[in-house]
Amino acid sequence: MTVSNNPLNTVTAHKQYCEMMDIPSAQRETVQDEYPTRLASAPASLTLPRRDAVVKGRDLTGPLSQEQLDEFERKGFLFIPNLISGEELEALCHEMTLLMSNDAYRDQEFSVTEPESHNIRSLFAVHRLSERLGQLAIDERLAGAARQIIGGDPYVHQSRINYKPGFAGKGFNWHSDFETWHAEDGMPNMHAVSASLILTDNHEFNGPLMLIPGSHLEFVPCLGETPEDNHKSSLKAQEIGVPSSEALTQLVAKHGIEAPKGKAGGLLLFDCNTLHASNANLSPDPRSNVFFVFNRPDNRCVEPFAAPSQRPSFLAHRPDDRWTPDA
């Protein structure tokens with residue numbers, strides 16, 4: 001395996017971000033809610049304008065060109081085909097198989113299983129379960145790209161493996177990840193980016209991720225109070241934190257829908273607020289990916305903005321979190 005083990009570069013150009021970490025915790029916990037959601041009644045407007053810049057680290061070192069950063073800023077996502085291949089890709093696929101078939105992880109709170117087959121569909125905190133995936137999480141091709149987008153050295157807010165088996169893989173409703181992380185984890189602002197490395201070929205028939213380009217520039221407030229322990233059901237089927245049909249219709253009419261597709265080994269980077277969904281896998285070909293959410297340390301989670309309590313740490317790591325399966 002040739003995944004780089006280079007430590008993240010120390011960034012001084014954005015030192016002011018990290019200096020915020022010296023603010024006493026009691027003050028940090030008081031953060032203005034710029035993106036109200038989980039409302040009791042319909043808002044006056046279907047969407048709110050984004051208050052945060054999209055690309056914040058153009059002057060920082062990393063693997064992305066200015067043209068790629070332009071595309072990300074415009075669309076809210078960027079697909080890089082053939083990032084890895086050969087023995088490196090084979091080793092990652094083998095690692096995924098070992099993790100997803102580990103009986104010790106079945107029925108644990110950090111895994112999601114298919115209701116009929118009882119096979120693991122999603123496995124969380126994989127950068128802590130696997131040394132190989134832990135190294136991938138700090139690889140410059142992923143973490144360096146995140147640095148350029150979010151404007152500072154990142155930490156992993158969440159990691160997981162998703163597996164959508166042939167014929168049986170379920171779809172997932174339209175949503176903004178930031179809406180969930182803001183409401184239920186307490187992520188204050190849109191300073192996070194997702195990196196999805198596809199480990200199987202993605203084509204139009206096996207339920208590829210669909211995204212609404214440009215939707216990252218508007219926040220969609222959602223209706224409905226967050227139930228206690230909502231994550232126990234939302235990880236299987238999201239019903240709370242789903243945009244209204246009216247908002248989705250308006251955004252799709254404005255921007256359309258795209259579904260990046262390609263061979264195994266491609267990397268999809270997408271903004272935390274880009275609306276996305278996936279259909280069921282109706283083909284015989286499985287679809288799988290390993291997924292990292294990179295957040296900026298000064299954007300670490302505080303108290304949830306629209307939930308009774310924070311989700312467990314295997315879903316929402318903090319910069320100093322050292323979660324393990326036995327924790």
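Values as computed for the structure displayed
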{"item": "Which numbered condition residue 168 fails, given (1) in a loop (DSSP other than H, G, I, E, B); (2) of a type in the set (A, V, I, L, M); (3) free of Cβ contacts under 8 Å to residues at least 60 places away in the same chain", "result": "(3)"}
{"item": "Strands (runs of 3 or more DSSP E) lying entirely in segment 47-134 (those with 2 or more residues that are touching a residue at least 40 places away in the same chain (Cβ under 8 Å) and surrounded by 13 or more Cβ atoms within 10 Å (Cβ to Cβ))", "result": "77-80, 120-124"}
{"item": "Qualifying residue in segment 126-134 (condition: over 18 Å from the mean Cα position of the chain (by Cα) and among the hydroxyl-bearing types (Ser, Thr, Tyr))", "result": "yes"}
{"item": "Filter pass, residue 254 being part of a helix (DSSP H, G or I), among the basic types (Lys, Arg), modelled with pLDDT under 95 and over 22 Å from residue 150 (Cα atoms)", "result": "no"}
{"item": "Segment 194-231: number of residues that are among the acidic types (Asp, Glu) and either closer than 20 Å to residue 92 by Cα or in contact with a Gly (Cβ under 8 Å, 6 or more places away or on another chain) (or both)", "result": "1"}
{"item": "Qualifying residues in segment 286-311 (those that are in a loop (DSSP other than H, G, I, E, B) and touching a strand residue (DSSP E or B) at 6+ places or on another chain (Cβ under 9 Å)) - the one nearest to residue 203 (Cα to Cα)", "result": "286"}
{"item": "Residue in segment 148-157 that is outside any helix (DSSP H, G or I) and either without any contact (Cβ under 8 Å) to a residue 40 or more places away in the chain or polar (S, T, N, Q) (or both) present", "result": "no"}
{"item": "Residue list for segment 163-186, filter: at pLDDT 90 or above and of a type in the set (A, V, I, L, M, F, W, C)", "result": "174, 178, 181, 183"}
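The values are calculated or read from the model by the stated rules, or taken from the named source; none is laboratory data. All figures in this text were calculated on a predicted structure; none of them were measured in a lab. Note: ideal-geometry Cβ built from the backbone for every residue, glycine included; neighbour counts use all protein chains shown.
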